[in-house]
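J.: One structure is given below, represented as structure tokens, and several questions about it will come after.
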Amino acid sequence: GIAIAYAMALAEDETLQRPPLELLFTVDEETGLNGVKNLTSDMIRGRILINLDSEDEGIFTVGCAGGEDTRITLPLQTAALPDRWPVQRIILGGLKGGHSGVDIHKHRANANKLMARVLTALHQHAECRLIDMQGGTRHNAIPRDAEALVAWQPPEPHNLQQVIDQMAAVFRQEYAAVEPSLSVTTAAAPAGTVSTGLDLDSTERAIWLLLALPHGVAGMSSELDGLVETSNNLAKVQLRKDQLCIHTSQRSARTSRLAEMTASIHAVADLAGASVNDENAYPPWPPDMRAPLLEKSKQVYHRMFGTAPVVQVIHAGLECAIIGDRFPGMQMISFGPTIENPHSPSERLNIASVARVWRFLTKLLAELK
């Protein structure tokens, strides 16, 4: 919204000194960069792009990771549950979650991976059958919650509750510094409400697949200190009767490493007997630290505010990556005013920051004339 306001203000104010402008508005950026993917080579003539989609004043973004999603479908077999097997719902929650790109290096717990560990511990202790599992809501969010419905071989429920409590204690110890609200609770399902679940073989295949799939940072950049190069997010898990549906989201600053991560996910899925479908691929935006646009932007910012801006590359997907790939030679930079708690009910725009960024933007355009 604020980027559109800036663009319309530039178009309306005839007193501003600026070069000729092309104003580019896109849709569906958050759900997969869908709008910008429809750009064709005849839509843009300029070769300097100022992106106003950033959310932290004083930070210039000049590069980002590429990405790809993979959907995994594991066919499974169901069977009637043995008589008098108790059914329990396991509820894992209280996690921080976060963005699967910019927060992936913070070592926050993934609810789907923790649930896979709980199910593994249960299965190692006694025979159990998986009836249902749901975890995660978005491809670009680290899952905060997961639930599983499990039937246990009697007379084990008391002992298996101890196993769950032990795993909860292990998790609290492992994530003491980052997940203070982590919880693992159980609730008994009403008797007679569930009669079927996965058979033993399918239960094992589902658990082992979730346990084997990677999550988290796979490699750091050897060129830029502190930058995550490659990662994967085990984003969504849904058990749909006789199918386990899994959604992963891979990212990398290198196209070759992105391909490697996707191939490793394919390999794990293939070993489990699952099918895969890749989607929403987009390239990385390689940084050009010597670009004239970046140098001019740094000079103008320093003259105006007496301090140097932060120049960064982020481990997330930006529309600039697709634009740069479609239009070779495009110089690009992304900046904007401070937006607190973006994409949440408590989102706020810093009005004073809006004014400062406007002054900087108009001064930069005047010097690019």
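J.: Evaluate the following for residue 260: is it in the same structural domain as residue 326 (by TED's automatic domain parsing), without any contact (Cβ under 8 Å) to a residue 40 or more places away in the chain and either under 24 Å from residue 37 (Cα atoms) or among the charged types (D, E, K, R) (or both)?
T.: Criteria not met by residue 260.
J.: Out of the residues in region 283-296 meeting the condition of being out of contact with any Gly (no Cβ under 6 Å at 6 or more places or on another chain) and crowded, with 18+ Cβ neighbours inside 10 Å, tell me which one is farthest from residue 61 (Cα to Cα).
T.: 293
J.: What pairs come out if I take residues in region 312-331 that are more than 21 Å from residue 68 (Cβ to Cβ) and pair them with residues that are modelled with pLDDT under 90 whose C-beta lies under 7 Å away, six or more apart or interchain?
T.: Pairs found: 327/44.
J.: Could you identify the single residue in 79, 65, 111 that is crowded, with 19+ Cβ neighbours inside 10 Å, farther than 23 Å from residue 280 by Cα and of a type in the set (A, V, I, L, M)? I'd like the intermediate steps shown before the answer.
T.: Values: 79 fails: crowded, with 19+ Cβ neighbours inside 10 Å; 65 fails: farther than 23 Å from residue 280 by Cα.
Criteria check complete, one pass: 111.
J.: Just the residues that are modelled with pLDDT under 95 and surrounded by 16 or more Cβ atoms within 10 Å (Cβ to Cβ), please, taken from region 114-124.
T.: 122, 123
J.: Give the residues of region 343-358 that are exposed (fewer than 14 other Cβ atoms within 10 Å of the Cβ) and either in a helix (DSSP H, G or I) or in contact (Cβ under 8 Å) with a residue 24 or more places away in the chain (or both), sorted by residue number.
T.: 343, 351, 352, 355
J.: Restricting to helices (runs of 4 or more DSSP H) lying wholly in region 105-222: which have 2 or more residues that are under 30 Å from residue 67 (Cα atoms), of a type outside the set (Asp, Glu) and in the same structural domain as residue 269 (by TED's automatic domain parsing)?
T.: 111-125, 200-212
J.: Ok, one more. Please work out which residue is modelled with the lowest pLDDT, limiting yourself to region 302-360 and to residues that are within 30 Å of residue 220 (Cα to Cα) and hydroxyl-bearing (Ser, Thr, Tyr).
T.: So the residue we want is 344.
J.: Only one of 92, 10 is part of a helix (DSSP H, G or I) and surrounded by 16 or more Cβ atoms within 10 Å (Cβ to Cβ); which?
T.: Testing whether each residue is part of a helix (DSSP H, G or I) and surrounded by 16 or more Cβ atoms within 10 Å (Cβ to Cβ) leaves just 10.
The values are calculated or read from the model by the stated rules, or taken from the named source; none is laboratory data. Quick caveat, the model's predicted, so the values are computed rather than measured. Cβ sites come from the backbone with ideal geometry, for glycine too, and all protein chains shown count toward neighbours.
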